[in-house]
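Below you'll find the structure, written out as structure tokens, and then a few comments.
The values are calculated or read from the model by the stated rules, or taken from the named source; none is laboratory data. Since the model is a prediction, treat every value here as computed from it, not as a measurement. Glycine also receives a Cβ, built like all others from the backbone with ideal geometry; neighbour counts cover every protein chain displayed.
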Amino acid sequence: MDPVGFIVVFIISWWLSFFCVLPIGVQGQFEDNGDVVEGSEAGAPKRPMLKKKVIWASLGGLGRAVMRDAEDVVMAGLATGQLARWSHVDKLAHHERPRMATTWRV
């Protein structure tokens, strides 16, 4: 995969991972003892733990981008036949189909 594609996959995967981990472990201000900071919403998180969630989202985005890159490498090898010795693809590629008769018998 080219670098631009890698960056695009990373950014999309990062945002998807970030929105998946965002609600994990969040407690509202009203949940514990009801102490709400003046001027804030009662449902606002007490400790959002954003640094931890950014790290997890970065690991998730990087992991997905690397897996996509590895998938491209494997598929390119299968398409060119370089990985055929490890699979049955080589046998399928050289298998001859039965020939049909060219003349009809009545």
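Just a few scattered comments:
- Every residue from the range 13-40 that is in contact (Cβ under 8 Å) with a residue 12 or more places away in the chain and farther than 30 Å from R68 by Cα: V26, Q27, G28, Q29, F30, E31, D32
- Any helices (runs of 4 or more DSSP H) falling wholly within the chain and containing at least 2 residues that are surrounded by 13 or more Cβ atoms within 10 Å (Cβ to Cβ) and at pLDDT 80 or above: 3-21, 50-80
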